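The values are calculated or read from the model by the stated rules, or taken from the named source; none is laboratory data. Computed from a predicted model, the values in this text were never measured in an experiment. FYI the Cβ positions are ideal-geometry reconstructions off the backbone, even for glycines, and counts take in every protein chain you see.
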Amino acid sequence: MALNQSPKRLYYGWVIVAVVALAGFTQTAESFPVLGVFLKPITEEFGWSRSLYTGAMTIGTVLGGALALGIGPLLDRYGGRWALVVAFTVLGAIWVLMAAIQTLWQFYVLQILARTIMIGVVGLGMGVIIPKWFVAKRGRALALSGMGAKLGNAITPLYIQYLVALNSWRLAALISGVVVWVVSLVPIVLFLRRNPEDMGLLPDGASHYVSDAVNQEGESGTVKETSLSLRSVLHYPAFYLLTGSVALTSFAQPSLNLHTIPFFTDKGIAPGIAALVLTVWAVFGAVGTLVLGFCVERYGIRLTMALNSALIASGFIVLLLVESATGALLWGAYMGLIQGGNFSLQPVLFADYFGRESLGSIRGVVWQVQMVAHAIGPLSASFAYDWLGGYSMIMIVFGAITLLSGLCVALARPPELLKAQNPTVS
């Protein structure tokens, strides 16, 4: 199959990258760094424990993973445009309503719904959109689209903490909801499309398409790839190793995102400085995301992600040595550089190994497992704090788990290698 397009024309996939980046910026309103800013003021006002606060996110995250099973095939068939419109409309409304809560059940209803939508629709949808538009340039495209979330993680916790200090956490919640509405909805409605073929284009803006090869780039203007069905990928050990890897990562890293500010303020570091650590983390994370994206293209997703996991594991141990504001800021810079693109580039694992066509269905299954881990990890850190009076032991556990995640990626042999060694493998 061959389709022609002007070589001087901007490939529309880069417009999609910009739209996803804007959506990534506003979805940070429901991210763990921002929820970490709200943790202390809300729990102190109502007298709740940290485990009770985190419980709502845990339930919502598990439900979001279950919802993803149904959303994944719909994304493959219809794209993410209207699903994201509905999701961001509701997400903004939830944060506006959060400003008026008075009871625990109100908090739980709103946050369970918010996390369900965030995980089951927004998180899955944004991870599927870009890989459908790019193959050879998939790493850099995902890295660039991930810059929106990095910018959001840099700015949102900072202005939320400022509003909390200036007035109250309720004003911060209200403003957060309005920002979600203003920044995300219009670009998604106007510009988001399902895949390049719907516009008479091919991935990467190529002029020719060659199938039956995985993760390869041939002559200039040619895209090569294989797309496997969900039923097919279940026969490959790599599928289970990659699923285990992202699940382990999702157990450890989101926990750190939620508990970073409480961790530092418990050590006597000012809340403003603790919020600034997240900003430094996100700014350096943007650089790390770009570096990791280009490393994926040069060295491959398997080697890049395996080595990156080892570096992230060291960050959990270094955190235990931090005792001052300066040390906290330096740690934030280090963690941003090494962790920056890890989560946003996880879709590359499954797209490079198994192709684009059934990516939503494949990711929907993986996402459910991943989100169970995502839910349990932060709650385990809250339990560790409530029971042990600190985070030291759980951070060591998280470091070991992250190392194991890297090992799983290293052991995951791509399907084309297995086929080359054993032609009977389907």
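Residues of the range 148-185 being farther than 19 Å from I94 by Cα and either of a type in the set (A, V, I, L, M) or touching a Lys or Arg at 6+ places or on another chain (Cβ under 9 Å) (or both), which ones?
Answer for the range 148-185, where residues must be farther than 19 Å from I94 by Cα and either of a type in the set (A, V, I, L, M) or touching a Lys or Arg at 6+ places or on another chain (Cβ under 9 Å) (or both): A149, L151, A154, I155, L158, A165, L166.
Out of (1) at pLDDT 90 or above; (2) under 30 Å from L202 (Cα atoms), the odd one out for V322 is which?
Checking V322 against (1) at pLDDT 90 or above; (2) under 30 Å from L202 (Cα atoms), the one that fails is (2).
Which residue pairs have Cβ atoms under 7 Å apart, sit 6 or more places apart or on different chains, and have a first residue in the range 38-65 that is farther than 12 Å from Y385 by Cβ and in contact (Cβ under 8 Å) with a residue 40 or more places away in the chain and a second that is part of a helix (DSSP H, G or I) and charged (D, E, K, R)?
M57/R115; G60/R115; T61/R115; G64/R115
Would you confirm whether or not the range 287-304 contains a residue that is of a type outside the set (A, V, I, L, M), buried (at least 23 other Cβ atoms within 10 Å of the Cβ) and in contact with a Pro (Cβ under 8 Å, 6 or more places away or on another chain)?
Within the range 287-304 (the criterion being of a type outside the set (A, V, I, L, M), buried (at least 23 other Cβ atoms within 10 Å of the Cβ) and in contact with a Pro (Cβ under 8 Å, 6 or more places away or on another chain)), the answer is no, since none of the residues qualifies.
Any idea which of L124, L144 is surrounded by fewer than 24 Cβ atoms within 10 Å (Cβ to Cβ), assigned to a helix (DSSP H, G or I) and in contact with a Leu (Cβ under 9 Å, 6 or more places away or on another chain)? Steps first, answer last, please.
Working: L124 fails: surrounded by fewer than 24 Cβ atoms within 10 Å (Cβ to Cβ).
That would be L144, the only listed residue that is surrounded by fewer than 24 Cβ atoms within 10 Å (Cβ to Cβ), assigned to a helix (DSSP H, G or I) and in contact with a Leu (Cβ under 9 Å, 6 or more places away or on another chain).
Only residues that are surrounded by fewer than 24 Cβ atoms within 10 Å (Cβ to Cβ) and under 9 Å from V246 (Cβ atoms): list them for the range 363-372, please. Before the answer, list the steps.
Filtering the range 363-372 down to residues surrounded by fewer than 24 Cβ atoms within 10 Å (Cβ to Cβ) leaves 365, 368-369, 372.
Passing the criteria: only V369.
Filter the range 148-157 for residues that are among the hydrophobic types (A, V, I, L, M, F, W, C) and crowded, with 18+ Cβ neighbours inside 10 Å; which is farthest from I273 (Cα to Cα)? Walk me through how you get there before you give the answer.
We begin by selecting, within the range 148-157, every residue among the hydrophobic types (A, V, I, L, M, F, W, C); these are 149, 151, 154-155.
Retained after the next criterion (residues that are crowded, with 18+ Cβ neighbours inside 10 Å): 149, 151, 154.
Working: A149: 21, L151: 18, A154: 13 Å.
Among them, the one singled out is A149.
Where the second residue is part of a loop (DSSP other than H, G, I, E, B) and aliphatic (A, V, I, L, M) and the first is within 21 Å of I160 (Cβ to Cβ) and in contact (Cβ under 8 Å) with a residue 24 or more places away in the chain and lies in the range 93-108, which pairs have Cβ atoms under 9 Å and are six or more apart or on separate chains?
F107/I101
G341 fails exactly one of the following numbered conditions: (1) surrounded by fewer than 24 Cβ atoms within 10 Å (Cβ to Cβ); (2) in a loop (DSSP other than H, G, I, E, B); (3) of a type outside the set (A, V, I, L, M). What is the number of that condition?
All conditions are met except number (1).
For residues that are of a type in the set (G, A, S) and buried (at least 19 other Cβ atoms within 10 Å of the Cβ), scanning just the range 269-286, find the one that is farthest from S255 (Cα to Cα). Even if it seems obvious, please write down each step before you answer.
As a first pass, look at the range 269-286 and keep what is of a type in the set (G, A, S): 270, 272, 274-275, 282, 285-286.
Then keep just the ones that are buried (at least 19 other Cβ atoms within 10 Å of the Cβ); that gives 274-275, 282, 285-286.
Working: A274: 16, A275: 16, A282: 16, G285: 17, A286: 20 Å.
The extreme case among them is A286.
Given (1) within 19 Å of G152 (Cβ to Cβ); (2) in contact with an Asp or Glu (Cβ under 9 Å, 6 or more places away or on another chain); (3) not hydrophobic (A, V, I, L, M, F, W, C), identify the lone condition not met by Q253.
Only one criterion in (1) within 19 Å of G152 (Cβ to Cβ); (2) in contact with an Asp or Glu (Cβ under 9 Å, 6 or more places away or on another chain); (3) not hydrophobic (A, V, I, L, M, F, W, C) is unmet by Q253, namely (2).
Name the residues in the range 288-332 that are among the small types (G, A, S) and either over 19 Å from the mean Cα position of the chain (by Cα) or under 20 Å from L411 (Cβ atoms) (or both), would you?
Initially, the range 288-332 is screened for residues among the small types (G, A, S), giving 288, 293, 300, 306, 309-310, 313-315, 324-325, 327-328, 332.
The answer is G300, A306, S309, A310, A313, S314, S324, A325, G327, A328.
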